[in-house]
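Worksheet: one structure, shown below.
What follows draws every value from the coordinates through simple rules; no lab data is involved. These numbers come from a predicted model, not from an experiment. Don't worry about glycine lacking a Cβ; one is built from the backbone with ideal geometry, like all the others, and counts go over all protein chains shown.
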Amino acid sequence: MADTSKPATHGRRIALKAGVAGALAAPLVARAQQSFSWKMTSAYGKGAPFYMDGPGSATDLAKRIETMSGGRLKIQVFGAGELIPALEGFDAVRAGTVEMNHANSYFWTGKTAAAQYFTAVPFGLNFQGINGWLYDGGGQALWDEVYAPFGLKGMACGNTGVQMTGWFKKEIKSVADLKGLKMRIPGLAGRVYAALGVDVKLLPGGEIFPALERGVIDAAEFVGPFQDRKLGLHKAAKYYYTTGWHETATVSELLVNKAAWDKLPADLKAIVENAAAACNVISEAWCQRTNAEAMEDLVKNQGVIARPLPADVVKKLRETTATVLAEAVAKDAMTKKVHESYMAYMKKYVDWARYSEGPYHDVVLGI
C-alpha cells in the first residue's frame, strides 16, 4: 500500500496557509469593494449650461465617477436652492452636511482671500497657464494648504476659458462712466471695480437677468456668449464688452469634505481626481464651440453691440488691480505665499508665450 501520510500532511498545511491568507486578505477586499453614496450641491441652478448640464458639468462629473468606479461611488447632484442656498456650499461641505460642492473658489474669499487665485486673477493666466500652475507648478499643493484649516480639499473640474467683460445698459467711453454704476461682478474684479466707484453686487446666476431687466443693476458679468444668452442678458442690455481682463480663464471647483475624502480607498480617490481633470478639459472645449456659435448669433441676429473696452479704461483697471492685489498680499501671509507662486509661474509662462502663443496669434491668426 502506498504511503499517503506525507501528501495528506502537506495538503493540510497548504489548506491552513490558504485559510490564513484568505482571512488576512478579507478586510482588504472588503475595503476595496466598499461603496459610498455622496451628495454634491452647486452654486448654479438645475439645468444651467456648462455648470449643471452638458459635457464637463457637475452632472457629467458625477456620472463619470459612478461609471469609472463601477457604481462604488454614487453622487447625487443638487442644483442651487434644492438642498442649500446657492452660495453656502463652503459651509455645507465643511460641516459635513454634504460631501461635495461644485462652484468657484472665489465665492469663498470672505473665508480666505487666497481662494481667489484658484478661480481667476485679473490680468492673470489663461487656460493653458492656469492648468500649468495647478497641475505642474505647485498650485494644487497650495490649494490643499489653503483649505486644510477648514477641513476641505479643492480641485479643478472645469474651465470657461477667457470670459467677456460683461453687459452694460449704456456705452462705456471712459473711466468716469464707471462711477456710480451698479454691477454684478464677483471676486477680485469686484474689488477693482469698487475702487473705481462701481457699486458692486454679488448675485447668483439665476438672479442676474431680473435684476438687470428691472434696473436694480446697470451692468452684469456672468460667463460668456452661450451662458449669457441662455440667461437672456442680451434682452436687458445691448452693450457687450470684452477684454477678458477680470477672468482670463475661470476654474470650476470641486470642493470635498476632507474627512470624507480620507475614507475613500486610493483607487476611488484616483477616479475622482481623474474624472475632475477630464471635465476640466472637456468643459473648456465645449465652451470654445458654443461661445463661437452664440457670439455670431448675438451680433448678427440679436442686435448686440460687441466691442472691446476703451484702452484708457483697461489701463486704469490694470493699475487698480495691482493696487488691490498688493493690499490683499500685505494683509495675509497665506495670500502672499499663493500670490508669489502664481506670479512667479506667470512670469515664466509669459516669457515662453512670447515665443509660442504670441507669434501664433500674430502670424497664424493675424490678430
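Overall shape: oblate for region 240-322, with the ratio a/c of the largest to smallest alpha carbon gyration tensor axis at 1.5 or above and b/c at least equal to a/b.
Each of the peptides 261-268, 217-224 was scored by the mean count of other Cβ atoms within 10 Å over its residues; in descending order, highest first, they stand as 217-224, 261-268. Residue pairs exceeding 22 angstrom between C-alpha atoms, taken from K111/K258; K179/K230; K170/K235; K39/K269; K170/K315; K179/K201: K179/K230.
By other beta-carbon atoms within 10 Å, ranking W352, W38, W286, W108 with the fewest at the front produces W352, W38, W286, W108. Between amide H atoms placed 1.01 Å from N, distances below 5 Å from K39 occur with Q76, E99, M100, all of them 5 or more places distant or on a separate chain. In terms of overall dimensions, the C-alpha atoms belonging to region 221-367 reach 54, 35, 35 Å along their principal axes, ordered largest to smallest. Computed per residue of the chain from DSSP H runs no shorter than four, each worth -39500 (n - 2.57), the mean residue ellipticity at 222 nm is -15000 deg cm²/dmol. Protection proxy ranking, highest mean first, for peptides 207-215, 124-132: 124-132, 207-215, where packing is the per-residue count of other beta-carbon atoms within 10 Å, averaged. Based on the Kirkwood approach, the hydrodynamic radius assigned to region 280-348 is 15.7 Å, with every pair of different Cα atoms included.
Using the Karplus relation 6.51 cos²θ - 1.76 cosθ + 1.60 with θ = phi - 60°, the per-residue 3J(HN,Hα) values for region 144-153 come to 4, 5, 5, 8, 3, x, 9, x, 10, 9 Hz, with x marking Gly and Pro. Our summary gives region 157-239 a relative contact order of 41 percent, counting only alpha carbon pairs under 8 angstrom and 6 or more residues apart. Projected onto its three principal axes, the C-alpha set of the chain covers 109, 43, 41 Å, listed from the longest axis down. May I ask for the angle, rounded to the nearest 10°, between helix 127-136 and the longest principal axis of the chain, with both axes built from Cα atoms and the value confined to 0 to 90°? The angle comes out near 40 degrees. Backbone geometry of region 120-125 corresponds, through the Karplus equation with coefficients 6.51, -1.76 and 1.60 at θ = phi - 60°, to 3J(HN,Hα) couplings of 6, 10, x, 6, x, 5 Hz, x marking Gly and Pro. Taking amide H atoms as placed 1.01 Å from N in the peptide plane, the amide H of I217 lies under 5 Å from those of L212, each 5 or more residues away in sequence or on another chain. So which residue, out of P225, P49, P149, gets the largest mean-square fluctuation from a GNM of the chain using Cα contacts under 10 Å as springs? Residue with maximal mean-square fluctuation among P225, P49, P149: P149.
Throw me the Rg/Rh for region 115-233, computed over C-alpha atoms with Kirkwood Rh, two decimals. Ratio of gyration radius to Kirkwood radius for region 115-233: 1.02. Applied to region 251-259, the Karplus parametrisation 6.51 cos²θ - 1.76 cosθ + 1.60 on θ = phi - 60° returns per-residue 3J(HN,Hα) values of 7, 7, 10, 9, 9, 10, 5, 5, 5 Hz, with x for Gly and Pro. Largest GNM mean-square fluctuation among V93, V216, V350, using the chain with Cα springs under 10 Å: V350. Angle between the Cα long axis of helix 333-353 and the longest principal axis of the chain, 0 to 90 degrees, nearest 10? Here the helix axis deviates by roughly 80 degrees. Annotation: amide H-H contacts under 5 Å for S252 (H modelled 1.01 Å from N, sequence separation of 5 or more, or interchain): C157, G158, N159, T160.
When only Cα pairs below 8 angstrom with a gap of at least 6 residues are kept, region 180-327 shows a relative contact order of 30 percent. Note on the chain: antiparallel DSSP beta bridges, both residues inside, total approximately 45 percent of the bridges counted.
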